[in-house]
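Trainee: Okay, handing you the structure first.
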Amino acid sequence: MSERITMTLRALRIEDLRAAMALAAEAPEAPHWSVPVWHRVLERSETIVLGAFVAHALAGFAVASVTLDTVELEAIAVAEKHRRQGLGAALFEAVLEAARARGAVRLELEVRAGNAAAIGLYRRAGLADEGVRRAYYRDPEEDALLMGRNLAHVSDKSEKTPD
């Protein structure tokens, strides 16, 4: 793994939209949403949209939606030159923290079956394989691996043991 870098995590804002779309255009795993879709994502109260900034430039982002007590991770994208520097893991952990603060107790996601880097990150974070959606993705066609975990994970320090 490369050396860790200094980054700032914060909520993405409308003024970050151009940079987010440029990053997404260069990352095949990122959502390629139109401007109106991005506006809806940024305006929805149930959505968590975080950016990782390096030297004041957007280097990665994460998007998740909280519905009732479940958070669905919709995307994590990191610019090619900033991969393997801990940004994806930092974004993932920040999403979990924000989701817990909103009352979520479960995390779910789908990931391209061939995205070994993302699957490795999610498995290290305690997610389990829960199923497959055949031919879910297009361009290229690929299966989606369904993964999930409870947010009150056994490694969480906040869990109390009975007296």
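The values are calculated or read from the model by the stated rules, or taken from the named source; none is laboratory data. These figures come from a predicted structure and were not determined experimentally. Note: ideal-geometry Cβ built from the backbone for every residue, glycine included; neighbour counts use all protein chains shown. Each accessible area value is taken on the protein alone, full model and side chains, heavy atoms only, with ligands, DNA and RNA left out. Shrake-Rupley method; radii C 1.70, N 1.55, O 1.52, S 1.80 Å.
Trainee: Anything in segment 37-47 that is over 21 Å from Arg138 (Cβ atoms) and surrounded by 11 or more Cβ atoms within 10 Å (Cβ to Cβ)? List them, or say none. It would help to see each step written out before you state the result.
Mentor: Start the filter on segment 37-47 by keeping residues that are over 21 Å from Arg138 (Cβ atoms), which leaves 39-40, 42-47.
His39, Arg40, Leu42, Arg44, Glu46, Thr47 - these are the residues of segment 37-47 that are over 21 Å from Arg138 (Cβ atoms) and surrounded by 11 or more Cβ atoms within 10 Å (Cβ to Cβ).
Trainee: Please find, among Glu29, Glu97, Glu93, the residue that is part of a loop (DSSP other than H, G, I, E, B), open to solvent by 20 Å² or more (accessible area, probe 1.4 Å) and acidic (Asp, Glu). Give the steps one after another, and end with the answer.
Mentor: Numbers: Glu97 fails: part of a loop (DSSP other than H, G, I, E, B); Glu93 fails: part of a loop (DSSP other than H, G, I, E, B).
One residue alone meets the criteria, Glu29.
Trainee: Considering only residues of segment 108-119 that are open to solvent by 20 Å² or more (accessible area, probe 1.4 Å) and small (Gly, Ala, Ser), which is farthest from His82 (Cα to Cα)?
Mentor: The extreme case among them is Ala113.
Trainee: Can you confirm whether Gly51 is in contact with a helix residue (DSSP H, G or I) (Cβ under 9 Å, 6 or more places away or on another chain) and closer than 24 Å to Arg138 by Cα?
Mentor: Numbers: in contact with a helix residue (DSSP H, G or I) (Cβ under 9 Å, 6 or more places away or on another chain): yes; closer than 24 Å to Arg138 by Cα: no.
No; evaluated as a whole, the condition is false for this residue.
Here's the yes/no breakdown for (1) open to solvent by less than 20 Å² (accessible area, probe 1.4 Å); (2) acidic (Asp, Glu); (3) within 24 Å of Ala101 (Cβ to Cβ):
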{"position": "Ala11", "(1), (2), (3)": "no, no, yes"}
{"position": "Ile14", "(1), (2), (3)": "no, no, yes"}
{"position": "Leu23", "(1), (2), (3)": "yes, no, no"}
{"position": "Val35", "(1), (2), (3)": "no, no, no"}
{"position": "Leu50", "(1), (2), (3)": "no, no, yes"}
{"position": "Ala64", "(1), (2), (3)": "yes, no, yes"}
